[in-house]
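Chemist: The structure is given below, and queries will be raised subsequently.
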């Protein structure tokens, strides 16, 4: 038995107008200072107030939000007592909003304890609206929550199916000015979600088609969105693709690129999308010998050579590397500016974190400790995987 979960999704030009139809008393916006500066908070506030809601704003969410930030936000919610919570921003803001919502409903819960096996009985106090302002994380439609334990320098993969949003608003208005570098980073995040949703061992009929369509859209529109941020056709398709990829991975799971990326990102403070995207071609090459990753399906869908699994994997790896070149993404850890001595000093810690990451167990090929170390070294040096 398995499940398929999705918010009510409102998408396309002017999707944000649905905020004017929300019925309630108070709305609490969870966001960051950039969203305030760009005027997005005022845009959302104005539409909520036109619906008759009193609005409060928590704008302290940092990139890779910490456990402490989630606790502060929940305390502010309890003081305001909203019946709607609105996550506005990139994945960090949306993940923080989910965690704060759970603690608002359940004051006895600590953020690091949120898990898919407990029951939280959400929606007794409030419901959740998510509004993404990047085209990558898919957090607007997922039940995953990624928070950072700053003391342990570890990213925590948390979540519960109960925290899937009630409404996701996917409006290209919020991404029309996204910088090229952020476009590339978040686009690679979405591509990695789609690939791993299709190849992980929990793949299923319901998520497969979503994953394939997201992959196709991203290969088609990400270079255009990167080159011309005002290309609104490309922006809209990329925004949709990120949400579609989020639905796919939320109803399937992730795989090895996320294990490696989480580890690198936590220890060296690399943006999430850049980190997981960097590892995608390496993990395609590594997973191919398993014969279980279904790369031939993806290659055929894209019109690439697919005579057998290995041929397809190498064709896909080359295509991903080509895309990364087109959008100026780093293709090795060294290119990130991490000194070899610093990398070597943290190699054991990198392996520790990747080995214990929850995404490892659903990978089509699971490394042992020595292979984890080799994967990191090969990725540092930019070498194709030959083991």
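The values are calculated or read from the model by the stated rules, or taken from the named source; none is laboratory data. All values reported here derive from a predicted model rather than from experimental measurement. Don't worry about glycine lacking a Cβ; one is built from the backbone with ideal geometry, like all the others, and counts go over all protein chains shown.
Chemist: Within the group 86, 141, 146, which residue is in contact (Cβ under 8 Å) with a residue 40 or more places away in the chain and over 22 Å from residue 276 (Cβ atoms)?
Modeler: Residue meeting the stated conditions: 86.
Chemist: Can you find a residue in segment 109-118 that is over 20 Å from the mean Cα position of the chain (by Cα), under 23 Å from residue 27 (Cβ atoms) and either at pLDDT 95 or above or buried (at least 21 other Cβ atoms within 10 Å of the Cβ) (or both)?
Modeler: The answer is yes; a qualifying residue exists.
Chemist: Another question about this same structure. Name the strands (runs of 3 or more DSSP E) wholly inside segment 1-114 in which the number of residues that are farther than 21 Å from residue 235 by Cα is 2 or more.
Modeler: 26-30, 54-58, 84-89
Chemist: Is it the case that residue 184 is under 13 Å from the mean Cα position of the chain (by Cα), in the same structural domain as residue 210 (by TED's automatic domain parsing), at pLDDT 95 or above and assigned to a helix (DSSP H, G or I)?
Modeler: no
Chemist: Taking segment 124-137 as the region of interest, how many residues are within 22 Å of residue 54 (Cβ to Cβ) and either crowded, with 17+ Cβ neighbours inside 10 Å or in contact (Cβ under 8 Å) with a residue 40 or more places away in the chain (or both)?
Modeler: 7
Chemist: So if I check each of 189, 171, which one is assigned by TED's automatic domain parsing to the domain that holds residue 64, surrounded by 19 or more Cβ atoms within 10 Å (Cβ to Cβ) and touching a residue at least 12 places away in the same chain (Cβ under 8 Å)?
Modeler: Going through 189, 171 in turn, the sole match is 171.
Chemist: Does residue 19 qualify as being in contact (Cβ under 8 Å) with a residue 60 or more places away in the chain and surrounded by fewer than 19 Cβ atoms within 10 Å (Cβ to Cβ)?
Modeler: no
Chemist: Determine which single condition residue 155 fails, assuming it passes every other condition in (1) more than 24 Å from residue 275 (Cα to Cα); (2) surrounded by fewer than 24 Cβ atoms within 10 Å (Cβ to Cβ); (3) touching a residue at least 24 places away in the same chain (Cβ under 8 Å).
Modeler: (1)
Chemist: Restricting the search to segment 215-242, which residues are over 21 Å from residue 180 (Cβ atoms) and crowded, with 24+ Cβ neighbours inside 10 Å?
Modeler: Within segment 215-242, just 215 meets the criteria.
Chemist: Considering only residues of segment 359-370 that are surrounded by fewer than 15 Cβ atoms within 10 Å (Cβ to Cβ) and out of contact with any helix residue (DSSP H, G or I) (no Cβ under 8 Å at 6 or more places or on another chain), which is modelled with the lowest pLDDT?
Modeler: Once the filter is applied, the top-ranked residue is 361.
Chemist: Related question: Please verify whether segment 58-80 includes one or more residues that are modelled with pLDDT of 95 or more, on the phi > 0 side of the Ramachandran plot and assigned by TED's automatic domain parsing to the domain that holds residue 145.
Modeler: Scanning segment 58-80, I find no residue that is modelled with pLDDT of 95 or more, on the phi > 0 side of the Ramachandran plot and assigned by TED's automatic domain parsing to the domain that holds residue 145, so the answer is no.
Chemist: Also: Would you say residue 4 is surrounded by 20 or more Cβ atoms within 10 Å (Cβ to Cβ) and either in contact with a helix residue (DSSP H, G or I) (Cβ under 6 Å, 6 or more places away or on another chain) or under 22 Å from residue 250 (Cα atoms) (or both)?
Modeler: Judged against the criteria, residue 4 is not a match.
Chemist: Could you check segment 322-340 and list, in sequence order, the residues that are outside any loop (DSSP other than H, G, I, E, B), over 20 Å from the mean Cα position of the chain (by Cα) and under 17 Å from residue 285 (Cβ atoms)?
Modeler: Of everything in segment 322-340, those that are outside any loop (DSSP other than H, G, I, E, B), over 20 Å from the mean Cα position of the chain (by Cα) and under 17 Å from residue 285 (Cβ atoms) turn out to be 322, 325.
Chemist: Every residue in segment 32-55 that is touching a residue at least 12 places away in the same chain (Cβ under 8 Å) and over 19 Å from residue 18 (Cα atoms), please.
Modeler: Within segment 32-55, 32, 33, 34, 35, 36, 38 meet the criteria.
Chemist: Something else now. Residue 312 fails exactly one of the following numbered conditions: (1) closer than 23 Å to residue 185 by Cβ; (2) surrounded by 16 or more Cβ atoms within 10 Å (Cβ to Cβ). What is the number of that condition?
Modeler: In the conditions (1) closer than 23 Å to residue 185 by Cβ; (2) surrounded by 16 or more Cβ atoms within 10 Å (Cβ to Cβ), residue 312 misses (1) alone.
Chemist: Test each condition in (1) over 28 Å from residue 226 (Cβ atoms); (2) out of contact with any helix residue (DSSP H, G or I) (no Cβ under 9 Å at 6 or more places or on another chain) for residue 179 and report the one that comes out false.
Modeler: (1)
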